[in-house]
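First up is the structure itself, then whatever we jot down about it.
The values are calculated or read from the model by the stated rules, or taken from the named source; none is laboratory data. The model shown is predicted, which means the values in this text are computed figures rather than measured ones. Cβ: placed from backbone, ideal geometry, glycine included. Neighbour counts: every protein chain shown.
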Amino acid sequence: MLIAGDVGGTKTNLGAYEVQQGKLVQTAYTRFSSHVFARPEDLVRKFVSMLSGPVTAACFGVAGPVVDNRVHATNLPWIFDGQSMAQLLKIPQVRLLNDLEATAYGISVLEPSDLEVIHNGSTPAAATKAVIAAGTGLGEGILFWDGTRYVAMATEGGHADFAPHTEKEAELWKFLKDRNDIVSCEIILSGRGFRALHEFFDPGSHHPEFDNPNDDPAPIITQNALDNTCPACVAAVDMWIEIYGSEAGNFALRTVSRGGMYVAGGIAVKILPKLRDGRFAAAFTDKEKLGDFLKQISIYVVLNEEAPLLGAAHIASTM
């Protein structure tokens, strides 16, 4: 039995898999609130106690840079250590991946129905692909062809500096700079970015969900924008999508990802109607000199939120 994990700052998804007729088949799945557990070992131990068979291999995608098979989680007070986890599971090794590395591997095993095209381009064989995913944080990853297969490569591009693209975005940068030492892309392109954008457009506007610090205001802001019931929510989500598209375009230029840009993460699925309206794709291609080049790159939204879990399970199956 294979164990796979998608470890994020808000939630951790764990699944058990078997390989049947060359395909991964999920036999168990649980979603945990990450912050409830003091250590990742406690969480994994609880999941394994719910299973009926022995674990033969395991792989976990974790938000944060992997160094020597060890991760200091970016948005959690955890140190995730592959050797410690292997001892817990009584197996020779546990492979750790960056969460976007796991997502990239997941894209390689998704079904066509797990993707929606929001911009049609061309998709040359063996061309580099890029993955961007906004959720609790912002992740960016690369899939490159090594001559035989696609190999994923992690980045920490989400923590790079935010570069304003318009006068209004320059005003937003100044607004955020007053509140933060550094204005990274992730400060905006994550769940917490919606509240900041809402306050930027209308500091006096208020929703009850803003009162409780334990409540996430992102769902009400995005839902109001989809329903067109709050002007500040609409403005916040529209600008968020434009900045997201622009950053995806930047990433495509840096990676020359002619094989496609894959937009993953939980937020994309929830605001899919907004991503379909062309705003994201327009910002993606609005670049100096190479706009026509970017128009040739297909943009896909990953509909299956278990892509990182599938990617980790895929790697576990090859160990």
- Out of (1) out of contact with any helix residue (DSSP H, G or I) (no Cβ under 6 Å at 6 or more places or on another chain); (2) aliphatic (A, V, I, L, M); (3) under 25 Å from Leu138 (Cβ atoms), what's the single condition that is false for Ala4? (1)
- Item | Selection from the range 201-237 of residues that are in contact with a Lys or Arg (Cβ under 9 Å, 6 or more places away or on another chain) and either surrounded by 16 or more Cβ atoms within 10 Å (Cβ to Cβ) or among the aliphatic types (A, V, I, L, M) (or both) | Pro217, Ala218, Ile221, Thr222, Ala225, Leu226, Ala236, Val237
- Enumeration of residues in the range 217-262 that are in a helix (DSSP H, G or I), aromatic (Phe, Trp, Tyr) and in contact (Cβ under 8 Å) with a residue 60 or more places away in the chain: Tyr244, Phe251
- Item | Test set (1) modelled with pLDDT under 95; (2) under 14 Å from Gly259 (Cα atoms); (3) charged (D, E, K, R) - Glu156 fails condition number | (2)
- Item | Where Glu140 falls short, out of the listed (1) assigned to a loop (DSSP other than H, G, I, E, B); (2) of a type in the set (Asp, Glu); (3) in the same structural domain as Pro217 (by TED's automatic domain parsing) | (1)
- Identify, please: which residue in the range 80-97 is among the hydrophobic types (A, V, I, L, M, F, W, C) and more than 20 Å from the chain's Cα centre (by Cα) and is, among those, farthest from Gly8 (Cα to Cα)? Ile91
- Item | the range 95-107, residues that are touching a residue at least 40 places away in the same chain (Cβ under 8 Å) and surrounded by 24 or more Cβ atoms within 10 Å (Cβ to Cβ) | Leu97, Asn98, Asp99, Leu100, Glu101, Ala102, Thr103, Ala104, Tyr105, Gly106, Ile107
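In the range 147-170, how many residues are assigned to a helix (DSSP H, G or I), charged (D, E, K, R) and touching a residue at least 40 places away in the same chain (Cβ under 8 Å)? Steps first, answer last, please.
First pass over the range 147-170, keeping only residues assigned to a helix (DSSP H, G or I): 157-159, 167-170.
Remaining after also requiring charged (D, E, K, R): 167-169.
Remaining after also requiring touching a residue at least 40 places away in the same chain (Cβ under 8 Å): 168-169.
Residues meeting the conditions: 2.
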- Task: Considering each residue of the range 137-179, count those that are aliphatic (A, V, I, L, M) and out of contact with any Leu (no Cβ under 9 Å at 6 or more places or on another chain), and give that number.
- Result: 5
- Taking the range 288-303 as the search range and keeping residues that are outside any helix (DSSP H, G or I) and at pLDDT 95 or above, which one is surrounded by the most Cβ atoms within 10 Å (Cβ to Cβ)? Ile297
- Qualifying residue in the range 108-119 (condition: within 16 Å of Thr12 (Cβ to Cβ), in contact with a strand residue (DSSP E or B) (Cβ under 6 Å, 6 or more places away or on another chain) and buried (at least 17 other Cβ atoms within 10 Å of the Cβ)): no
- By residue number, the members of the range 31-47 that are surrounded by 14 or more Cβ atoms within 10 Å (Cβ to Cβ) and either within 21 Å of the chain's Cα centre (by Cα) or among the hydrophobic types (A, V, I, L, M, F, W, C) (or both) are Phe32, Ser34, His35, Phe37, Pro40, Leu43, Val44, Phe47
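Does Ile182 meet the test of being assigned to a loop (DSSP other than H, G, I, E, B), assigned by TED's automatic domain parsing to the domain that holds Val263 and under 22 Å from Gly137 (Cβ atoms)? Reasoning before the result, please.
Values: assigned to a loop (DSSP other than H, G, I, E, B): yes; assigned by TED's automatic domain parsing to the domain that holds Val263: yes; under 22 Å from Gly137 (Cβ atoms): yes.
Considered against the rule, which asks whether it is assigned to a loop (DSSP other than H, G, I, E, B), assigned by TED's automatic domain parsing to the domain that holds Val263 and under 22 Å from Gly137 (Cβ atoms), Ile182 comes out as yes.
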- Hits in the range 20-39 (condition: over 12 Å from Leu309 (Cβ atoms) and not hydrophobic (A, V, I, L, M, F, W, C)): Gln20, Gln21, Gly22, Lys23, Thr27, Ser33, Ser34, His35, Arg39
